[in-house]
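The values are calculated or read from the model by the stated rules, or taken from the named source; none is laboratory data. Everything numeric in this text was worked out from a predicted model, so none of it was measured. FYI the Cβ positions are ideal-geometry reconstructions off the backbone, even for glycines, and counts take in every protein chain you see.
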């Protein structure tokens, strides 16, 4: 039932079986596709033998041959295109920039006219291949009837490489390695064909990696590598996960495309699938069948937003401990952002430098709380990145690693009393924090945790902000009841603070999806930046809390829940 905790209709089963005949022999054909500037891209089309005109699912990948991420079944041909400067394609990699975007449109025009195409194309994308499409949507994409985009970003700067203006160093480097490795492995084939092409490919990869690392402000280079509008208005199924390395992108992608009929499924992506689901594979196939092949399967009547919320701990999601939820939109209509003030009154529940409280309404006591901004343990404080590399097995062996206890002693904590009843939290959150530092630029790192009755705290939300970016664009922020509940930071130019200068910062916390059960507590932990981000100079930060400070947390509470009633 909509607007309630219900089992969404689309993902009740595991992956849907292929229709009869899926085991039939396949035929593959390798193509060289010439772009308007003379560069040739490597492409492989695969389908049931013999290759015949069929709807064709197209994926643009930087990860080399054999890197397709969705099999739509035997009614489709599948075309994998290796984007320029990667894999076995020629040219210079431009970090999914303007030339790659033009390649997308030109390749689709070519594919539409091939003898194995019946003129109906669909697009699939996962991670980098989804980002490629988000970046290209402002162009007309010929013959495309529908799309499935999983775990992509609409803004590469905000959603992956520089979230909050803080360098996401290790994931950024890992992406370049994952793109560069296939290019090197497939290099001999390319060199035999064109000995001069290798230099261009290597130079492009190096240039793109350095540009991303050495461009900390959001200027023209980054603006060319983000969503710039939709000229196509075809139905898009957007998939993601609450703990994904680029989770913000899926939610914002849906919001940009919903007027054209987009749906959103949040059941997992890089972070693994919620137990008892297929992570959206069945929904994706039904989506393509409906909008490409015209099969009347009713997928368009499924709830527009299907969510799988955590139930206190991310590691339990894979075991099926999740809270399914359906809604008509995102953020969920009727969501209320409840303000919790950062209070100097001790909660008695933590062993941090300052064991403060989260209080409804006005804080009861004020103070200045100090902490050292030193690199923190990523396995606790950096769930979006760590969940992507799969730590569940490790945390099962050493459960302490999935808890915040190891980082608590050097942090500031602010915690609610135990809740009287369950509270469902889903949506972007906002932390308003009055802070001063001994450094002109430091990283604010904020983690929301679910604290079990035994005191174990598990991270369920994360916000990051460099203090060099104190401004927000209110017109582009999500505003509810006059409050900027999802602040849209301005990163075009740095504005470092004077040493010791106290300023109010608004930190965007990426979408949280969790049930805080009765007897549990909600905790905010302010700590040092993750060791997976680019290290900054150590700093002593001071947070002012209490009456008149403006330091508070805005929590998105779903309409079925009442956080005020749940707090004593």
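Laid out as a table, the results:
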{"read-out": "Per-region count, region 294-318, residues crowded, with 19+ Cβ neighbours inside 10 Å and more than 23 Å from residue 427 (Cα to Cα)", "value": "1"}
{"read-out": "Which listed residue is surrounded by fewer than 24 Cβ atoms within 10 Å (Cβ to Cβ) and touching a residue at least 40 places away in the same chain (Cβ under 8 Å), from 493, 476, 523, 471", "value": "493"}
{"read-out": "Matching option when the condition is buried (at least 16 other Cβ atoms within 10 Å of the Cβ), modelled with pLDDT under 90 and over 21 Å from residue 241 (Cβ atoms), among 377, 412, 400, 419", "value": "377"}
{"read-out": "Out of 431, 406, 465, sole residue that is modelled with pLDDT under 95 and under 25 Å from residue 385 (Cα atoms)", "value": "406"}
{"read-out": "Residue in region 421-442 that is under 24 Å from the mean Cα position of the chain (by Cα), assigned by TED's automatic domain parsing to the domain that holds residue 377 and assigned to a loop (DSSP other than H, G, I, E, B) present", "value": "yes"}
{"read-out": "All positions within region 180-216 that are assigned to a loop (DSSP other than H, G, I, E, B) and either modelled with pLDDT of 80 or more or under 12 Å from residue 97 (Cβ atoms) (or both)", "value": "214, 215, 216"}
{"read-out": "Residues of region 104-138 satisfying the condition of being within 15 Å of the chain's Cα centre (by Cα) and over 13 Å from residue 225 (Cβ atoms)", "value": "125, 126, 127, 129, 130"}
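Each row is one residue, and each column tells you yes or no for (1) outside any loop (DSSP other than H, G, I, E, B); (2) free of Cβ contacts under 8 Å to residues at least 24 places away in the same chain; (3) farther than 17 Å from residue 138 by Cα.
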site	(1), (2), (3)
218	no, no, yes
234	no, no, no
250	yes, no, yes
274	no, no, yes
